Every structure is written in structure tokens, then in C-alpha cells.
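Worksheet: one structure, shown below.
Please treat every number below as a calculation from the coordinates, not as lab data. Just so you know, these numbers come straight off a predicted model, no measurement behind them. Cβ: placed from backbone, ideal geometry, glycine included. Neighbour counts: every protein chain shown.
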Amino acid sequence: GQVEGGRKISSNTEASGRFHTDWLNMIYPRLKLARNLLHSDGVILVSCDDGEVANLRAILNDIFGEENFVAQFVWKARQFTDARANTNISTDHEYIVAYARDDGFSLKGVGRDESKFGNPDGDPRGDWMSRSMLGLATRDQRPNLHYDVVDPLTGRVFPPNASTGWRYSKDKMAELISEGKVLFPRNDDGRPREKKFRSEMRSEFIAFRSIIDGVHTADGTQEIRSLFGVDLFAFPKPTALIASLIEQVAADGDIVLDFFAGSGTTGHALLKQNAAENLKRRYVLVQLPEPLDPSNREQKVASDFCDKLGKPRTIAELTKERLRRSAARIDEENPLFKGDFGFRVFKLASSNIRAWEPVAADLESSLLKNAEHLVQGRKEQDVLYELLLKLGLDLCVPIETKSIAGKSVNSIGGGALIVCLADGLSKDVVERLASGIVTWRTALAPAVDTRVVFKDSGFADDVAKTNMAAILSQNGITDVRSL
């Protein structure tokens, strides 16, 4: 429904007189919804360029609160200078703005480089590393950090650096020297350094840098090319970028939601990171089925690829295809990883259950029209998944289907929910169907009480419906409902 006159309402062309307004009207409801969906310790990361970053920060401050700002990462997206820049400025960066759901959030941090630690002198205190003792303040700013350091063995004097001073006060420095934690240079032109022991590190991690370098848009393009053989998307983000952020903010079992799936980089990156850490994070990707126009030069390759696959010409189809191909590759490259590579596809639709909207002047006709209360043309699977939503069950819960008395019966969550939406449940069928459901439920042995749901209009009459409830109740299944 986000199309008006053949154009996306969220279009943001440079010719638009409401350039910033169009974009803000599109992004605001998504950000508002994102905050409602976030877990209390969740975080949102929004990619943006110079064109809207100021507006983005303002709108995120409004929705999430300025106090929940985490960071504004600068990603060096371009590896080489843009020779086509008509302003003689090569824009090499993009931003990733992060806000927390509530205060108290922090990133995981980056693991320390253990190769920097060693114990060449056999110090009984264990491995150590050498680090600079330069401070961060001039004499005017921190006079207590500007003093001479004297080597107690040689008497050599090391004056402070005029622009930085020392890292520690004079008393703290004297304490470190007495403990043998200051390394004095052999030559006069060297500087004393601190002997920092690994056991004294307060954390296993160091801070994640706000400037992200070493991975570029060209890497994302190469990933698409290696999966599909052609360049389907312009400037796709590399999985290494997204995977590094997922590692920082999402723990085992967490769900990562991407409102703008595009080529499916987030799903691809999450699977890679899961395999690398042997974890079970999950993803939800949202992508409008935006049509691809073969007459558009920038979309022709992608459009032709959809034709080759025999799929509709939409971005969503390419998103799904990338998830399939990347999952197969990651599975092949990580034979020891036993995580789940599958995904289910859902499309937004109105309810399968017709709303009761009677015409007061003609109630008889209204009753007859609503005798069948399910929307015509909907499949049994459509109704089943709406039932899962309304009961608050996970859409990825295991579903097993079998035929009992010639009717399709679904077991959800190992027998926690059993659903039969078949028609033609007459008295004779009901007895065999009920017996089969009881037997199946006994074999499944769910840890919770089983709820059984039928389609109300599927029963031939009230006698069949009553018999079904009675037989199930006699066998310990008391939660029986009709839809």
C-alpha cells in the first residue's frame, strides 16, 4: 500500500521539492516501531550518509532520547579516491548511528591482541607488554604530570614531553618504579615505558573503535559477484562490516531485525558470524517486493537474473536467493557448524478471519453472508500462521503434519498445539480423528498441556463438535477450541 500514482510514497528524488520531508516521513514510523520492538537491552544501528545524518540524529533523539545515544561510527566505505567527484572532494565515508533502547547499554569490545604479551625476562608475575607512558596534557593543563623521571640504577634523567607530560602523577610513577614496572631505555634518546601485566588487565576486551576501516563497498560488490556471477546491486555493504557490528551487539539467541534487507547482507553476515562463533542468533529481514524495471539500465542485470531464475522481477526475490546461496556456501565451508540455515518467508496481509460488520437493517442477510467466516481464497497454511501469531507462538516453531482419518492435522511445538482446519468433520470422521489425535499426542508427550484447535465451520453439525470435545476430554485434552 505504499504506492501512489505508480510511485513509491517514500521516493526521495533530488527533484522533489520535499526532499528531506519525503525521507523523514518514510523513516519516522519505522524508527518508532523499531523502538517498540527492541528488547530492553537492545540497540538500533542506522546507516546514513552526509545528506540526512543531521536529520537522522534529530529524529533518533526524539524517539530514543538523547541520553540513549551510543555512538556515531564513521565507516570508510571507499577504498580508492573517487575520480568522478565534480567538487574535487572524494566522499569516502558513511555513518552508522547507534542508539540504545534504554541506558546502561555497552558494546562487547574487541578482544586484546595476545601476541603483544610475553615474558622474555621470566617475571614471576606472568606475561606482560610494554606500553607508552606519555600523557595527554600540557604543563598548563596538568602541571602535576610534568616532572623529571630518574632511573634509580643509572641516575639518568628523563624530562617530560612538553605537549603531553606523563601518564601518571609523580607519586604513582615512584610506586611503579619501586615495583619494577617501569622499563628504562638503554639509550639516552629513548623513553621510559610501562611494564603492564596481562593479569592486571581489568577486562578481556578493549574499546571498539568509532572509525571503521579495512572493509569497503568494493568488498560487498565482490561478494555479490562471487555468489551470482554478476553485479546485481549497486554499492552493497560488505558482510564483514555488518558481522563486526552483530558480534558487538548481539549475543547467542538474540534476534537481529533489518527493516531494509536489500540484497540480504544482514542475513548473510549473521550466518557467517554464527558459524565463526558457533552461536544461534536469528534474523528477521523486511523487504518490500519493489519491482525491477528491465528498461532501467541500473536494474536490467537484476531484472534479467530474476527472469533466469523464473522468479518475479522484485528485489525481495533476489534477497531470498542470496540467503539460499550464502547459506549453502557457509554450510560447505563450516562442516562442523550445526546451526540452522533455513528461513521462512511471510507476506503481510489482512486477517484471514472476516470481521463481523452487520447491516442493521438486514441482519438476516448479514448472518448468511458470515456463515463462512474465513476469507475466501486463503489457504490452510495462511490460517495456521495467523493462529500462531494470535496465540503468541514463535513463527519458527517446528511444525509437523500428518493425515488422520483422511484429514490434515498439524502439530506445533512438539504437541503443545494441535490444529485441524479441515472441512467435513462428520460424526463418523470425528471418532476416528479424535482417536488419532489422542494417540499422536501421547507419542509426542509434550511438556505442557495440549491445546487443540478446529475450524468451527469444519464440523458437519453440533453433534459432531460435541462428540469431538467429549472424546478429547475423556483422554486428558481439555483445552479444545474452534476458530
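For the reader, a short list of remarks on this structure follows.
- Each of Tyr99, Tyr283 was scored by other Cβ atoms within 10 Å of its Cβ. Arranged with the fewest first, they read Tyr283, Tyr99.
- Using a Förster distance of 22 Å, the FRET efficiency for Lys300-Phe260 (Cβ separation, nearest 0.05): 0.50
- Among Glu194, Glu400, a tally of other beta-carbon atoms within 10 Å of each Cβ gives an order, fewest to most, of Glu400, Glu194.
- Rounded if a/c under 1.5, otherwise prolate or oblate - the range 375-480, Cα gyration tensor axes: oblate
- Between Lys170 and Arg378, residue separation times 0.36 nm minus the direct Cα-Cα distance comes to 67.0 nm.
- Ranked by how many other Cβ atoms sit within 10 Å of their own Cβ, fewest first, the residues Val419, Val215, Val110 fall in the order Val110, Val215, Val419.
- 222 nm mean residue ellipticity, helices alone, for the chain (DSSP H n ≥ 4; -39,500 (n - 2.57); rounded to 500): -10000 deg cm²/dmol
- Placed amide H near Val70: partners under 5 Å, 5+ positions off or other chain: Ala98, Tyr99, Ala100
- Förster-model FRET efficiency, 22 Å R0, Leu153 and Glu200, C-beta, rounded to 0.05: 0.40
- C-alpha long axis of helix 239-249 to longest principal axis of the chain, angle in °: 90 degrees
- Hz values of 3J(HN,Hα) by residue in the range 313-325 - Karplus curve (6.51, -1.76, 1.60), Gly and Pro given as x: 7, 9, 4, 4, 5, 6, 4, 5, 5, 5, 4, 5, 5
- Each other residue within a Cβ distance under 9 Å of Ser130 adds +1 if Lys or Arg and -1 if Asp or Glu, for a net charge of +4.
- Amide H contacts of Trp75 (H built 1.01 Å from N, in plane; Pro and chain starts excluded): Glu94, Tyr95, Ile96, Ile212 sit under 5 Å, all sequence-distant by 5 or more or on other chains.
- In plain terms, the chain from Glu357 to Ile63 could stretch by 102.2 nm, reckoned as 0.36 nm per residue minus the Cα-Cα distance.
- Angle in degrees between helix 265-277 and the longest Cα principal axis of the chain, rounded to the nearest 10: 70 degrees
- In nm, spacing of pseudo-spin labels at Asp127 and Tyr28 (7 Å Cα→C-beta vector): 5.4 nm
- Modelled this way, with points 7 Å down the Cα-to-C-beta line, the labels at Asn334 and Arg191 are 4.2 nm from one another.
- Prolate/oblate/rounded call for the range 240-359, Cα gyration tensor, a/c under 1.5 rounded: oblate
- Principal-axis analysis of the Cα atoms of the chain puts helix 427-444 at an angle of about 20° to the longest axis.
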